[in-house]
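Readers should treat all values here as calculations from the given coordinates under stated rules, not as data from a laboratory. None of the values given here were measured: they were computed from a predicted structure. Don't worry about glycine lacking a Cβ; one is built from the backbone with ideal geometry, like all the others, and counts go over all protein chains shown.
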Amino acid sequence: MSSFPDYYELLNVPKSATQDEIKQAYRKESLKTHPDRLVNVTPAEKRRATERFQAVADAYYVLSDPKRRQEYDHLYGARADRSTDPNASSNFFTQFTNAFAGASSSQTGPSPATSAAQPDANGVFADAFEELLRPEVERIAPWWSWVGALSGASLGFIVANLPGLMVGAVAGNRLGAIRDAKGKPVAVVFSQLAGNQKAEILKALAMKVLGTAFS
């Protein structure tokens, strides 16, 4: 049987950690392991970072939910083969998708909260960083503001030459800003950015969360 993932150790928190402490620990560990902050690394190094990032996301996904955490704790106390190897987490989710439900024998079957497949690491990251990630993404990628400005300027120039260009650019920029605010989810925009843009955003987040920037 595969090793049991030690999610408390992966997040570097005690078993008595509060929900807020778990969230803060996840933010720190996910920034340290986020594969998009790596530059000039080998494919093998990038793969290892991705596996670690996924395992940290798994840990937060389980421990951040009181129900999942309670059921995980039932298993945690009964296992001596706990491990921080990322593969232990991967095996846990792929081979034992109903392990949480099985830990609560009083239930008649697995609940929706306990029969989930391995979580999407990028989705978990976006959820935990929503309030910190949004201003950084918008600073880097105000997509529709720029598109609106260019489109408005073009139409304004056609209608009224230079004066129309200026008015159209301002109007288009404002309309684009509205689309930015109500458009794509921040996680989607972040995932579509270039590697150097992602790295810049992650450095800014590291300054906020860790008090330091990645090299």
Study note, to complete from the structure: Taking the range 1-32 and keeping residues surrounded by fewer than 16 Cβ atoms within 10 Å (Cβ to Cβ) and under 20 Å from A88 (Cβ atoms) leaves M1, E9, N12, P14, K15
Review point. When residues of the range 33-49 are filtered for being touching a residue at least 60 places away in the same chain (Cβ under 8 Å) and either in contact with a Leu (Cβ under 7 Å, 6 or more places away or on another chain) or surrounded by 17 or more Cβ atoms within 10 Å (Cβ to Cβ) (or both), how many remain?
Key: 3
